[in-house]
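Each remark here refers to the structure printed beneath this line.
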Amino acid sequence: MNKEVSVTGMMMRTAVGSNLLISETNADAASYKNDLNQVRACTLEPSSTIDGINYYWTSTSNVDAAGNAIAEDYTAYSEATDLAHSAAGKTAYDTAFNTNYAFTSPTATYTGVAYGYVDYTFYLKAVNTEQTAQNLNLTKLNLLYNGAAPTAGSGDYAVVDKAWRTALIVQDITTDFAYGSTFTNNIAAPIAANTVSMFTIDGAANHTSTDYAVGKAGDSDPTVMDLSYGASKTAYNVAGTLDSIAAGAEKHYKVTVRVWLEGEDTTCTNQTYATLKNNYTLDLKFEYGGTPVTNISNTAVQNATATLASGTATAAIAGTATGGAHEDETAAHYQWYKVDNAFEYTAVGTDAATYTVPAGDTVFCVIETSTGLKYWTNTVTNSST
């Protein structure tokens, strides 16, 4: 467990393959499209789980220098206190959890309240036009920091990223599906049978516990982590196949991608994430067939760049020169966002877009190319200096 963490922003980019559509709101048929960008901004503090549904934490006074719980003493995490926080996608928080991490008067800002996990939720429409059943797979699950794999280094890059965990919670809502319905997440009693898959980064390992009785900590292998809170374990890193869809069938799903810092991971120490801010990206893709993922990857992908001078930000696509990997792409639209996901400005062009950043704002840009692909920049801040 970690005594001091500041992970305050992550963008999730999700794309879908042929005969699949994705929507954030399920408002109507027109809201479904081929990809989706969602941003969450909040302070994420360490918690621990064996099933991606029930979470637990221990007091910071019960943590040694290596991040291990001194005594196997854990408290159930419960977001039971109301507080609307749109940037985090939350409506409540855990009072005791916040007090434990020195958030004595939580406020609805990304630095004002702490959470044990954060959710990205969306809807999938799957139509199988083939004459045989098709597997619907999660084929990409990449975690990036400033567009590259998080690695040890200095400053913001002083990160050992093995403590990241992701749970994919899939609810089959086909029977009850109707446009306009929000299908409220109720993981404990889902609308229809749901599947939970949990993923780690290669090399992740939990602290070893000498006691596996009820309420105790995890062992060194995250695939058999044994917090033993009475819940059934969900195995980590099982192939990410969501469902098998019959020939000619149409199915609908509500999907929750849950992200947290596993407090019992051996890399989750006081220094691990202490300086990190708004530059994480989780990159996913769903498609028929392909190779389903078995873990979180750190494979770098094409990224855009952003620079800041005299309060103006400039964004551009990299790698579009003749003979480059993206030589056929030109930038068609630039969309600037603040870190709380508030839309700010759109510019149309084929080279680069410059935007005057309001004083004090932290922004990033999503660039859509002429081929329909989207890239994102790191964040830049217009500070008083």
Exercise. Using the reciprocal of the averaged 1/r over all distinct C-alpha pairs, how large is the Kirkwood radius of the stretch 1-143 in Å?
Worked result: 17.5 Å
For this session: Provide, for q = 0.18, 0.25 Å⁻¹, the log10 of I(q)/I(0) from a solvent-free Debye sum over equal Cα point scatterers in the stretch 6-73.
Result: -0.85, -1.11
Seminar exercise, completed: Summing +1 per Lys or Arg and -1 per Asp or Glu among the other residues with Cβ less than 13 Å from THR175's Cβ gives -1
Seminar exercise, completed: Cα-Cα longer than 30 Å, checked against LYS251/LYS338; LYS125/LYS162; LYS233/LYS254, kept in input order, equals LYS251/LYS338; LYS125/LYS162
Seminar exercise, completed: Per-residue accessible area, 1.4 Å probe, largest first, puts SER23, SER86, SER105 in the order SER86, SER105, SER23
For this session: Could you look at the stretch 26-75 and say what percent of its accessible area is carbon and sulfur, using a 1.4 Å probe and all protein chains?
Result: 49 percent
Exercise. Any idea of ARG13's accessible area? Nearest 10 Å², probe 1.4 Å.
Worked result: 40 Å²
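The values are calculated or read from the model by the stated rules, or taken from the named source; none is laboratory data. Here the structure is a predicted model, which means the values were calculated and not measured. Cβ coordinates were reconstructed from backbone atoms using ideal geometry, including for glycine residues, and neighbour counts include every protein chain displayed. Remember, those area values only see protein heavy atoms, side chains included, never the ligands or the DNA or RNA. Shrake-Rupley method; radii C 1.70, N 1.55, O 1.52, S 1.80 Å.
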